[in-house]
Amino acid sequence: MDMDTSLSEIQNLAVAVSTPARVGMPGHRPAAAKQQWRRHHDESRGARPQSVVLYTTSLRGVRRTFTDCSAARAILRGFRVAIDERDVSMDAAFRRELQALLAARGRAFALPQLLIGGRLVGGADEVRQLNETGQLRRLLDGAAGQDPAFICDACGGVRFVPCTGCGGSRKVYDDEEDRVLRCVECNENGLVRCVNCCS
Ligand SMILES: [Zn+2]
Ligand SMILES: [Zn+2]
C-alpha cells in the first residue's frame, strides 16, 4: 500500500465527513459500501459513515502496549461500530502510515491510536477518558454500525488473506524477463487486505 495514498484517503474522508453529500444526488454512495454494515442513522441524510480507524499491534512484546490495544478495541466494540483495525505487526505500511501521521502532529509513535472521521483522537488514555465522560459516544455518532460478534467468512477476522498473485510466497516468475520478481500485490508477509471486510 502506498503511504501517500492512504494518508490522502484519510484526509478525503475527513473532508467528506465535514461536507455531507446532498440528498438525492446519484452516484454519491460508494459502490463498495459493505452490505453487512448498517448505518446508525437516517440513510436520507446522505452522508458517508465516519471511518473509525484503530491502529494496533497483535505482538505481545510490550505488555502495556498489548493490553492498551485490547482495552481500546473492547471499548469501541461496546459501541457496536465497524472498526477499521490496522495491525502494524501485520503490515509495515500501516506502521509507516501511522508514523507519518503522528510525526505531522509532532507526536511520538505509540500504540494504540484512534482516528474518527480522519481526525486523530489519541491513544488508550484518551479513549478511556472520552468513554468515561460520554464524549466518545458523540464522536462515534456518524460511524457505521457493526455487530461486535461479526466474523468475516473470508479471513476469519484476521483482515488479511494470503496473496493470490504469488500464493503468499512474495515471488512471481516473469516470463518476459525470465526471472523471479518480488510480487507487487502483497505486503512483506505475502498478505493482502481482505476485500470482504476491509475497504
Ligand atoms: Zn503476492
Ligand atoms: Zn475479512
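No lab work stands behind these numbers, since they all come straight from the coordinates. Predicted model only: the values in this text are computed from it and were never measured. Because the Cβ atoms are built from the backbone with ideal geometry, glycine has one as well, and the counts that use them run over all protein chains shown.
Checked against the criterion of being part of a strand (DSSP E or B), under 22 Å from the mean Cα position of the chain (by Cα), near ligand 1 (Cβ under 10 Å from one of its atoms) and within 25 Å of Ser58 (Cα to Cα), the candidates Val192, Val161, Val184 yield just one match: Val192.
Looking across segment 74-99, the residues that are surrounded by fewer than 19 Cβ atoms within 10 Å (Cβ to Cβ), aliphatic (A, V, I, L, M) and over 17 Å from Ile116 (Cα atoms) come down to Ala92, Ala93. Looking at this structure, is Gly122 away from ligand 1 (no atom under 16 Å from the Cβ) and closer than 25 Å to Ser89 by Cβ? Yes: the conditions hold for Gly122.
Counted as qualifying within segment 58-146 are no strands (runs of 3 or more DSSP E), as none has 3 or more residues that are in contact with an Asp or Glu (Cβ under 9 Å, 6 or more places away or on another chain) and free of Cβ contacts under 8 Å to residues at least 24 places away in the same chain. Within segment 145-192, if we keep just the residues that are within 8 Å of ligand 2 (Cβ to nearest atom) and not hydrophobic (A, V, I, L, M, F, W, C), the residue that is nearest to Ala93 (Cα to Cα) turns out to be Arg159.
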